[in-house]
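S.K.: Sending over a structure as structure tokens; questions will come in a sec.
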Amino acid sequence: MSDFRPRQFDLIAFDWDGTLFDSTAIITRCIQLATVDVGGAMPSREAASYVIGMALMPALAHAAPDVPPEKYPELGVRYQHHYLKHQNDISLFEGVLPLLADLKARHHWVTVATGKSRRGLDETLQAVELRHVFDGSRTADETAGKPHPRMLHELMREFGVEPERTLMIGDTTHDLQMALNAGCASVGVSYGAHEPTAFAALQPRHVAHSVADLHDWLLQHA
């Protein structure tokens with residue numbers, strides 16, 4: 001089996017929304033609508049998209065600073081209401097399935113580390129028939145929200161992989177900071193929630209500007 005191990009990384013962890021799943025615009029809009037529903041001022045697109053990848057309640061609190069803490073549960077309910085109305089509008093980025101298939105063929109462990117809830121991730125995986133692709137996953141509600149490294153620590157422990165053999169891929173500074181906090185390498189993608197100008201300080205190995213770019217880099221360097 002050792003002859004078939006990848007060149008540099010045994011474990012590859014993907015963020016979900018904005019990295020594999022084309023959901024950034026809808027999530028941003030749902031945060032904006034939920035904030036207005038509970039009486040807050042509509043956050044800007046930049047403010048709403050910045051919090052994507054964080055655990056839900058801290059994300060909503062950051063995006064809607066004028067909403068009092070006692071309204072956070074209602075804010076979460078309204079976000080879920082709007083998201084459920086649109087979740088079937090969301091799809092994988094073009095090229096994701098071939099990318100994942102090639103990584104599996106090279107015997108990487110392919111996993112997910114996401115700010116979504118366990119229920120939300122499981123429902124999404126069923127909807128896009130991806131459950132069989134991933135070897136493992138961790139969500140914010142069962143571990144800790146990004147950039148806390150607990151998701152990656154648990155995945156590394158599950159597969160017996162050292163930090164230097166682990167790669168985190170994500171579209172936000174939260175993902176790249178989580179990788180740094182866990183002692184792992186990272187790759188950023190520029191087509192998701194955060195502007196890639198903020199990535200350099202977090203030392204990603206590469207910033208991919210498309211799924212095809214990511215695919216090529218992983219085949220050459222992972």
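No lab work stands behind these numbers, since they all come straight from the coordinates. This structure is a prediction, so every number in the text was calculated from the model and none was measured. Neighbour counts are summed over all protein chains in view; Cβ atoms, including those assigned to glycine, are modelled from backbone coordinates with ideal geometry.
S.K.: Would you list the P(r) distribution for region 81-204, with all Cα-Cα distances sorted into 5 Å bins from 0 and each bin expressed as a whole %?
M.R.: With 5 Å bins starting at 0, P(r) equals 2, 10, 19, 22, 24, 16, 6, 1, 0.
S.K.: Another question about this same structure. Based on alpha-carbon centroids, what's the gap between region 90-122 and region 28-54 in Å, whole number please?
M.R.: One Cα centre to the other: 26 Å.
S.K.: Given Cα pairs under 8 Å that are at least 6 residues apart, what percent is the relative contact order of the chain?
M.R.: Numbers: 403 pairs, mean separation 56.2, N = 222.
After rounding, I find 25 percent.
S.K.: OK, next. When you count, for each residue, the other Cβ atoms within 10 Å and take the mean per peptide, how do 113-120, 174-181 rank with the highest first? Display every interim value, and only then the final one.
M.R.: On the way: 113-120: 21.2, 174-181: 24.9.
Packing order, densest peptide first, comes out as 174-181, 113-120.
S.K.: Using the alpha carbon gyration tensor of the chain, what are the three equivalent-ellipsoid semi-axes (square root of 5 times each eigenvalue), largest first, in whole Å? Walk me through the numbers before you get to the answer.
M.R.: Details: eigenvalues 178, 58, 52 Å².
Value: 30, 17, 16 Å, ordered largest first.
S.K.: Sticking with this structure for a sec: Starting from the alpha-carbon convex hull of region 24-89, give the projected area averaged over all orientations, in nm². Please list the in-between numbers first.
M.R.: Details: hull surface 15.0 nm².
Dividing the Cα hull surface by four gives the mean projection, 3.8 nm².
S.K.: Given R₀ = 30 Å, what would the calculated FRET efficiency be for R45 paired with E70, taking r from the Cβ atoms and rounding to 0.05?
M.R.: Numbers: r = 27 Å, r/R0 = 0.89.
FRET efficiency, R45 to E70: 0.65.
S.K.: Which one of P65, L84, I31 has its Cα pushed farthest toward the positive end of the charge dipole of region 24-89, where Lys and Arg give +1 and Asp and Glu give -1 at the Cβ?
M.R.: Ranked along the dipole, the leading option is L84.
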